[in-house]
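This report concerns only the one structure given below.
The values are calculated or read from the model by the stated rules, or taken from the named source; none is laboratory data. Source: prediction; values computed, not measured. All Cβ positions, glycine included, derive from the backbone under ideal geometry; neighbour counts span all protein chains shown. Just the protein is used for accessible areas: all its heavy atoms, side chains included, with ligands, DNA and RNA removed. Shrake-Rupley method; radii C 1.70, N 1.55, O 1.52, S 1.80 Å.
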Amino acid sequence: MSGDMLDRYDLDNIAIGTLGSHSALNILKGAKEEGFRTVCICKEKDAIMYRKFGVADEMVLVQDFSELISEPVQERLRRLNAILIPHGSFTAFLSTEQLIHDLHVPVFGNRELLRWEADRKAQEEWLRKAGLRLPATFKTPEEIDRLTIAKLPGAKGGRGYFLAESPEVFHNKFSDMVRRGLLKEEDGDRIHLQEYVIGANIYPSYFSSIMKNDVELLAADRRYESSVDAIGRIPASEQLEFQVNPTYTVVGNFPVVIRESLLPELMRMGDSVHEMAKRLAPPGIIGPFCLETVITDDLRIYTFEISARIVAGTNVGIGTSPYAYLKYGENMYMGRRIALEIKEALRQGRLREALA
Ligand code: AMP
């Protein structure tokens, strides 16, 4: 549907736009380096950052990101010939239905996949059908037979997540969390129970190119999460004393260079996720996506989530990431790779294919 919106666009004067947060510096810098004008839809308080870094040619100031679907903002974006690059804040501030039905500005990527990404069950089906190894899931607490993470859907930063290794421990901890006001009684029915895999968290980021008909592994990172990454700095006896509960608010990311012998499997995983997406939501993934994995000490790769868009972890590559360097040489990174694809699509007269 995005393709039809191009009818009124001046294709010689395309701008690349995004919401001012998450990976906007990455996206806008990449767009400028490929010669595009850039538009940042931004809150007043954050405008200083985009101005000082000089990455935004146009600023559209809003009070709240949900204003993106207001008619005046959309009309302004269309007049600027803007193509939007979605990132995590799009899905955080707008519903899937709003993004699919109410946003009449061209969006880079396949909007249909938003539905698959937003629904935990659909996401699991997609990854499983693609042949990936997933942590086991349990329908009821009574089925818990190993270390399990209890996740409350939509919990920001994993607040209210907890670990349990048996039904008894689950029920005790759940009641305790309710008593402490961290969960509500009715949350019990919504909790997702997933095997907790002990291993190294690795987030490989890929770019699915329709111009090259290829899936490229471009970056890898791990997150720096508060408070879970701080817990190891407190002696175990004090952790017990203070009842420390891990939360997973991301405060930053570290670049990771992955053990080389793991790369072939990670590449096959990226390919098969895209192949399955082609069947589930044609034409499959367009542009960036990321698998959230845990790799165990016997080198098994478990995938517990997919983001079918750019992730903030690719910000560690602004400038160059090792895998982007291997493929493209210096100064390539996810934001720039997106702009390069749009430029190539324009050159070949195939832009509509990139805007599903
Ligand atoms: P999520 O909200 O699903 O992104 O999970 C937040 C954090 O919890 C992740 O970044 C991981 O550190 C951790 N995590 C989530 N699921 C699992 C799992 N199945 N096994 C191990 N760690 C997990």
Per DSSP helix of 4 or more residues, -39500 (n - 2.57); summed, then divided by the residues of the chain. What does that give at 222 nm, rounded to the nearest 500? -9000 deg cm²/dmol
Where is the GNM fluctuation largest for the chain (alpha-carbon springs, 10 angstrom cutoff): ARG336, ARG309, ARG120? ARG120
List the relative contact order of the chain as a percent without decimals, with contacts defined as Cα pairs under 8 Å and 6+ residues apart. 22
Go through 82-88, 188-194 and give me the packing order, highest mean Cβ count within 10 Å leading. 82-88, 188-194
Show log10 I(q)/I(0) for the chain at q = 0.16 Å⁻¹, two decimals, from a solvent-free Debye sum over equal Cα scatterers. -1.47
Across ILE338, ILE310, ILE100, the residue with the highest GNM fluctuation in the chain (Cα network, 10 Å cutoff) is ILE100
Pairs from LYS43/LYS151; LYS121/LYS278; LYS151/LYS184; LYS139/LYS173 whose Cα-Cα separation, in the structure shown, is over 20 Å: LYS43/LYS151
P(r) of region 161-292 over all Cα-Cα pairs, 10 Å bins starting at 0, rounded to whole percent, reads 10, 28, 28, 22, 11, 1
For a quick check, take a GNM of the chain with Cα springs below 10 Å and name the residue from LEU77, LEU132, LEU11 with the largest mean-square fluctuation. LEU11
How much of SER89 can a 1.4 Å solvent probe reach, expressed as accessible area in Å² and rounded to 10? 10
Expressed in angstrom, Rg and Dmax over the Cα atoms of region 88-166 are 15.9, 49
As a test of reading the structure, rank ASP10, ASP187 by solvent-accessible area (1.4 Å probe, protein chains only), most first. ASP10, ASP187
For region 55-114, what's the radius of gyration and Dmax over Cα atoms, in angstrom? 11.1, 30
Only bridges whose two residues both fall in the chain count here: according to DSSP, what percent of them are antiparallel, nearest 5? 70
Classify region 264-356: rounded, prolate or oblate, from the alpha-carbon gyration tensor (a ≥ b ≥ c, eigenvalue square roots; a/c under 1.5 rounded; otherwise prolate if a/b is larger than b/c)? oblate
I want to verify the translational diffusion coefficient of region 137-195 in µm²/s; compute it with Stokes-Einstein, Rh as the Kirkwood radius over Cα pairs, at 4 °C and 1.567 mPa s. 116
To the nearest whole percent, what portion of all C-alpha pairs in region 2-107 is separated by more than 16 angstrom? 53
Using the alpha-carbon atoms, what tilt in degrees (0 to 90, nearest 10) does helix 167-179 show relative to the longest principal axis of the chain? 70
Set the Förster distance to 56 Å, then compute FRET efficiency between LYS139 and TYR325 from the Cβ-Cβ distance, nearest 0.05. 0.80
